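Throughout, read-outs are computed from the coordinates displayed, never taken from laboratory work. Here the structure is a predicted model, which is why all the values come from computation and not from measurement. Methodologically, a virtual Cβ is constructed for each residue, glycine included, from the backbone with ideal geometry; neighbour enumeration extends over all protein chains shown.
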Amino acid sequence: MKQHTQNTNDIETISLKIASPERIKEWSFGEVTKPETINYRTQRSEKSGLFDEKIFGPDKDYECYCGKYRGIRYKGIICEKCGVEITRSIVRRERMGHIELASPVSHIWFLKSMPSRISMVLGIPTADLEKVIYFAGYIVTKVSEEDRVRYLKDLDSEYKAKIKSLQDEKTKEHVKEMLLTAKREIESIQEGKVLDEVEYYNFGMKYGTMFEAGIGAESIYNIFKKIDLHKLLSQLKEELEKASNLESVKVNKRISLIAAMIHSNIRPEWMFLSNIPVMPPALRPMVPLDGGRYATSDVNDLYRRVINRNNRLKKLKDIHAPDVILRNEKRILQEAADALIDNSIRHGQASGAVSQSQRRPLKSIADNLKGKRGIFRQNLLGKRVDYSGRSVIVVGPDLHLNQCGLPKHMALELFKPFVISELLKKEYAYNIRGASKLIEDGIAEVWAILEEVIHDRFVLLNRAPTLHRLGIQAFKPILIEGNAIQLHPLVCSAFNADFDGDQMAVHVPLSDEAQTEAREIMASDKNILKPGSGDATISAKLLDIVLGCYWMTKEINGEKGEGKMFSSPNSAITAYDFNEISFRSKIKILPTTSDKYKQFEGKLFETTVGRLLFNSVLPKDYPFINSEINRDKISTLVDDLIEKYGIENVPKMIDQIKSFGFKYATHSGVTWGLGDIMIPEGKKHIILGAKEKAKIIAEHFDAGLISKEERLRQTIEIWHGAKAEVEKIMPATLPKNGSVSDMVLSKARGSMANITQMAGMKGLITNTSGETIEFPIISSYKEGLTPLEYFITTHGSRKGLTDTALNTAKSGYLTRKMFVVAQDTIITEEDCGTKEGVLIDKNAISGMEVSIAKHIKGRFLAEEVVTKDGTVLFKKDHFLTKKEAVQIESLGISAVSVRSPLSC
């Protein structure tokens, strides 16, 4: 073997360099000269082809191609008949070959990537270089200064002779102009100048002996071979001294590139390939499919193009084909080499290599390395793991906060090693095969052992995309029937999950340390607060829960048993159980001595049975809530519970609120149909009035009294006003205790704006560039839109959808870049002792609710907080609780300096 494979643990650093043609040949175990891969009859690799065993090593361990030598005892021998070395077949993953090119080609990375390195070495624009390399222009390679002087002398003498014979001044001027043009042309011919076809032809006819020009990558390769880097560097340094500010930037870049090349012992002509390395065949496999066909890696197709074109060029050279044919062949060889190295850079051009059968761009070597689907990120950094599964999620309303429902057969597969271990311990089986057989048969003992195994073990659930750390949380598995994973409804907001077909992945932490970490750090009941803001993620904002709580705590006049008095909350609940009063009727109750009713100081208070039942699920010492419970109230309640009882006790309380909400949301039977929303009667008058006003404005415009901009602004104002009026009269059309108003008022779902669009009017729409279209959508969805109205609305909707798709990719990429920047910054100490902080200023906070308290709670102070009269409220390094943050806000302090890792 030629290569010495080091132990990967011994490698400390890896440096990437350009390989010289000699180095490429050193790596190679032989030249690939044929485009064939595998013989269709024998199913063996073809000789001198892309899978040749002589070059890349044997297909089968210790067996040569012809079969003369078989077995490990012949290790290291090279078969004299077929030339294959007797060794392990794994060498096909590391042995490389090479293709010797009939004409050098440029390496697309050094030509096309910004800034172009080939262009920087020569100091010629990239566009001009591309013309030369793709045979659309010529580059001047040599200029004879003697001939230049001779041509200039001849011009002068010709001009003098011509002038003598001319009388007319105008003609003399014209001849002089021609002389100057010709001189400029002669002077402009310098080494490295790029000429197009027409210029080359004209200059060739006029000054043929003065210069030589070349075309194609070969001509630039030859220029590069002659370059003396040390000489070029000193020339550039001289240029830098004379250069202007703008030019000096370019020259500096060139100097640093040339100096780096000298330092690394790299020659510029190595940016061109005269030999192309061939990847080891096991890294570009051909996999046999059913029916005698093969699935092959795209790289093989790209190599075959290069070999075919190269062989054809060699043949054409041998038979001395005309120059025009050779040029075309060299150009398509250049394109084939480009596509092999990096096909995606070439996408912009029509000549990007495309798969014949599937009409898609082929994946080149670079495409297989770069990006999310490349070898680094897909295969090396993120592998698929064992002991994991995925399934659709459904709601599990009866689960506790730290539980998830796991399908039985899925759990059995995930915990198989543990189950096998227990089966062997309990002597139901005596070896692994026997235990696996019992698991396949699904005997009762297996399920009993599975129950034991998963007791007190946690599994991780992950929902893609994992945008923050709460995208992966640990749960205790509960075995369930069926194929779907059950998820607790309150963790949905952290995962951003819903139950419309979302899938989640399950992973099993195997070691005891991993289990401890899952239990104590990653468990969902330990992650109630968002790490970013300290707000509760698990607030019971779930729509059904809010609706159930609102429906139960609402007061309705004239319900059964209104005005009755009861000696205690329990007696009122008993009366409700016996159907003597309604749960929403106003009743009076004498409070008990418990802490819950302390606020009423022993006096009668008015409430409903629904509110008593709701308060009964809250802690015994939590003050009685005597109001309708909507979404905002539930959020405040959860924050309050966390502050008062601590994170560890809250999950149980939230679970009780959840069960209460679900139970009564079901009892409420809230539903709605199109008939529940009515079109307001006053809408017609509002629309007619607005049309009249718009008509008057149009007349003013026609009469030239107002400008186009004013007409547009005034029309838009009229229709905005009309919509606002319709919105005002909408609530009156909803039945007061109907399902729709319950949903809107509880803030469980929808808003008055939605109802206005459904039954009032849709109003004005913006177009794709964000300008308001002056034509209003007068119809509501219930009445149905006219074709024109429908067409106008689709404008903005389409833009919304496309923007969402584009912004998702952009924000994902931004997050990734920020991670790359910040991943080496690790906080290792409690206090770095900095004097600086970050100022949180009320005036700088954007958003609807400008609350400084929200931004400073849970932070450490970088400077003391002083009131307007000079009293020190809190000292430096004090930790602010929510109460203290609210106190600071109430005192009118508008700016607070807090500690932050940013000022570390």
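From the residues G216, T666, L590, which one has its Cα farthest along the dipole of the chain in the positive direction, the dipole being from +1 and -1 charges on Cβ of Lys/Arg and Asp/Glu about the Cα centre?
Highest projection toward the positive end goes to G216.
Any idea what the relative contact order of segment 241-345 is, in percent, if you count C-alpha pairs under 8 Å spaced at least 6 apart?
17
Sort 42-52, 467-477 for me by packing, meaning the mean count of neighbouring Cβ atoms within 10 Å per residue, highest on top.
467-477, 42-52
Output the relative contact order of the chain, whole-number percent, from Cα pairs under 8 angstrom with separation of 6+ residues.
In percent, rounded to a whole number, it is 7.
With θ taken as phi - 60° and the coefficients 6.51, -1.76 and 1.60, list the Karplus ³J(HN,Hα) couplings across segment 698-712 in order, rounded to whole Hz; mark glycine and proline as x.
These are the phi-based 3J(HN,Hα) values: 4, 5, 4, 5, 4, 7, x, 7, 10, 7, 4, 5, 5, 4, 4 Hz.
Could you work out the pair-distance distribution P(r) of the chain from its alpha-carbon pairs, with 10 angstrom bin width and percents rounded to whole numbers?
Computed distribution, short to long bins: 2, 7, 11, 13, 15, 15, 13, 11, 7, 4, 2, 1, 0, 0.
Could you run the Debye sum over the Cα atoms of segment 297-383, one equal point scatterer each and no solvent, and tell me log10 of I(q)/I(0) at q = 0.17, 0.24 Å⁻¹, two decimals?
-0.74, -1.11
Wrap a convex hull around the Cα atoms of segment 543-668, take a quarter of its surface area, and give that in square nanometres.
The orientation-averaged projected area of the Cα hull of segment 543-668 comes to 7.4 nm².
Could you let me know the centre-to-centre spacing of segment 855-888 and segment 821-836, using Cα atoms, in angstrom?
Result: 22 Å between the Cα centres.
Taking amide H positions as placed in the peptide plane 1.01 Å from N, state which residues far from Q473 in sequence (5 or more) or on other chains have amide H under 5 Å from it.
L461
What relative contact order, as a whole-number percentage, does segment 838-903 give when Cα pairs under 8 Å and 6 or more residues apart are counted?
The value is 45 percent.
Check which residues have an amide H placed less than 5 Å from L479's amide H, if you skip close sequence neighbours.
Close amide H contacts, sequence-distant or interchain: L406.
Mind listing P(r) for segment 1-62? All alpha-carbon pairs, 5 Å bins, whole percents.
3, 14, 16, 18, 17, 13, 11, 5, 2, 0
Just the Cα atoms of segment 385-435, one point each, no solvent: what log10 I(q)/I(0) does Debye give at q = 0.23, 0.24, 0.26, 0.32 Å⁻¹?
-0.89, -0.93, -1.00, -1.19
What are the ³J(HN,Hα) couplings of segment 102-107, residue after residue, when phi is run through the Karplus curve with 6.51, -1.76, 1.60 and θ = phi - 60°? Round to Hz, x for glycine and proline.
With coefficients 6.51, -1.76 and 1.60, one gets 6, 8, x, 10, 7, 7 Hz.
Rounded to the nearest 500 deg cm²/dmol, what is the calculated helix-only ellipticity per residue at 222 nm for the chain, with -39500 (n - 2.57) per DSSP H run of length n ≥ 4?
Taking each H run of at least 4 residues, the total per residue is -13500 deg cm²/dmol.
When the label point is put 7 Å from the Cα of R327 along its Cα-to-beta-carbon vector, which residues of segment 179-196 have a backbone N closer than 19 Å?
192-196
Per residue of segment 447-456, what does 6.51 cos²θ - 1.76 cosθ + 1.60 with θ = phi - 60° give for ³J(HN,Hα)? Whole Hz please, x for Gly and Pro, Karplus curve as stated.
Working through the residues one at a time gives 5, 5, 5, 4, 4, 5, 4, 7, 4, 6 Hz.
Give the separation of the Cα centroids, segment 562-591 to segment 483-517, in Å.
Value for the Cα centre distance between the two parts: 43 Å.
With Kirkwood's inverse mean 1/r over C-alpha pairs for Rh, give me the Rg to Rh ratio of segment 28-178, two decimals please.
1.44
With the calculation restricted to Cα positions, what are the radius of gyration and Dmax of segment 755-799 in angstrom?
Computed over the Cα atoms of segment 755-799, radius of gyration and Dmax are 10.1, 28 Å.
Which residue, V866, S890, I856, has the largest displacement toward the positive end of the dipole of segment 838-903 when charges sit on each Cβ (Lys, Arg +1; Asp, Glu -1)?
So the residue furthest toward the plus end is I856.
Show the residues, 5+ positions off or on another chain, whose built amide H is closer than 5 Å to the amide H of I840.
V896, S897, V898
Quick one: divide the alpha-carbon radius of gyration of segment 227-287 by 2.2 N^0.38 Å and tell me what you get.
This ratio for segment 227-287 stands at 1.76.
Would you give the gap between the C-alpha center of segment 265-327 and the C-alpha center of segment 366-429, rounded to a whole Å?
So the separation of the two Cα centres works out to 43 Å.
Calculate, in nm to one decimal, what E452 and E241 gain on full extension: separation in residues at 0.36 nm each, minus their alpha carbon distance.
Stretched fully, the E452-E241 segment lengthens by 67.8 nm.
Does segment 777-869 classify as rounded, prolate or oblate by the C-alpha gyration tensor (a ≥ b ≥ c root eigenvalues; a/c under 1.5 gives rounded; else a/b over b/c gives prolate, otherwise oblate)?
Oblate shape, in that a/c is at least 1.5 and b/c is the bigger or equal ratio.
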